[in-house]
Amino acid sequence: MKINLPNQITIGRLLLAILFFAVIAQFSVSAPSPRFWLLDICTVIFVVAAVSDIVDGYLARKHNQVTSFGRVIDPFVDKVLICGAFAFFAGAGFVQGDRQVSHVAMWMVVLMIGRELLVTGIRGFSEARGESFGANLYGKTKMVLQSVTAVWILLTVAHPHGFFFGNSFFEVGCEILVWATVIVTTLSMISYLNMARHILSETSRSVGSA
C-alpha cells in the first residue's frame, strides 16, 4: 500500500510521540538535581507534533488525499500523544513532596481516556454503518485546549522561577487550564453522545426485537 504524504506526516507524529515519552520518562521533579532541560526538549517535540497534525490535515484536504487509513490513524496518534502526556503529568515524575506540580490528577486522565475510548467506539460503529462521524466544535476545542495545557504545564514545571510575570502567574494559569480541559473534555463527551443518540437508540431497538 502506497502511503501518501499526509499519512507519512501522521506516522512521523507517532514516532515523535514515542520520542516524547522516552524523554519525559527520564524526568523527575523530586530528583536531587531535576533535569528541567528535558522538559524543554519535550516542549519542542510536542509543539512540532501538534503543528504536524494541522499540516497533515490541511494537505489531505487540499490535495484530496483523505483516506480510510488516515481517518483511523490520525485521531489514534492524537489520542496516544495527548493521553500519554497527561498520564505522565499525573505520574510520579511530577510529584514533589506531597504536591502534584502539574495539577493533573489520575482521575482526570481516566476521564480523558474514557472519553476517547467512548468516542472511538461510537465513531467506529458509525463508520461501519457508512455514516460519517466527524469531529464537532467541542471535539476540536478539546484538542486545542489539551495541547495548550500540555505545553503550559511543561514550561511551568521546566522553569520554576517563571518568566516575565513570575512563577505564581504560570502556576495559577496551569491550574485554570487543567480544570478547563477537564470541563471541555466532559462537555465534548456529552456532545458526542448526543450526536450518536439516533445510532444508540436504533441499536437498542434492534437488540430488543432480536
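The values are calculated or read from the model by the stated rules, or taken from the named source; none is laboratory data. Owing to the predicted nature of the structure, the values given are computational and were not obtained by experimental measurement. FYI the Cβ positions are ideal-geometry reconstructions off the backbone, even for glycines, and counts take in every protein chain you see.
Per-residue answers, yes or no, for (1) in contact with a Lys or Arg (Cβ under 7 Å, 6 or more places away or on another chain); (2) assigned to a helix (DSSP H, G or I); (3) exposed (fewer than 15 other Cβ atoms within 10 Å of the Cβ):
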{"residue": "Leu15", "(1), (2), (3)": "no, yes, yes"}
{"residue": "Phe21", "(1), (2), (3)": "no, yes, no"}
{"residue": "Ser28", "(1), (2), (3)": "no, no, no"}
{"residue": "Pro34", "(1), (2), (3)": "no, no, no"}
{"residue": "Leu38", "(1), (2), (3)": "no, yes, no"}
{"residue": "Ile41", "(1), (2), (3)": "no, yes, no"}
{"residue": "Phe46", "(1), (2), (3)": "no, yes, no"}
{"residue": "Ala49", "(1), (2), (3)": "yes, yes, no"}
{"residue": "Asp56", "(1), (2), (3)": "no, yes, no"}
Might you check whether a residue that is farther than 28 Å from Val44 by Cβ and either out of contact with any Cys (no Cβ under 9 Å at 6 or more places or on another chain) or modelled with pLDDT under 95 (or both) occurs anywhere in region 138-156?
yes
When you go through Val110, Val47, Val29 one by one, which is the residue that is of a type in the set (A, V, I, L, M, F, W, C) and more than 22 Å from Val182 (Cα to Cα)?
Val29
Subset of region 180-194, residues of a type outside the set (S, T, N, Q) and in contact (Cβ under 8 Å) with a residue 24 or more places away in the chain, comes to Ala180, Val182, Val184, Leu187, Met189, Tyr192, Leu193
Subset of region 96-113 (residues that are in contact (Cβ under 8 Å) with a residue 12 or more places away in the chain and either at positive phi or in a helix (DSSP H, G or I) (or both))
Gly97, His103, Met106, Met108, Val109, Leu111, Met112, Ile113
Need the failing condition index for Ile3 against (1) in contact with a Lys or Arg (Cβ under 6 Å, 6 or more places away or on another chain); (2) not in a helix (DSSP H, G or I), just the number.
(1)
Quick check on Met112: is it surrounded by fewer than 21 Cβ atoms within 10 Å (Cβ to Cβ) and at pLDDT 80 or above?
no
Out of Gly93, Gly70, I need the residue that is in a helix (DSSP H, G or I), modelled with pLDDT of 90 or more, of a type outside the set (D, E, K, R) and over 16 Å from the mean Cα position of the chain (by Cα). Which one?
Gly93
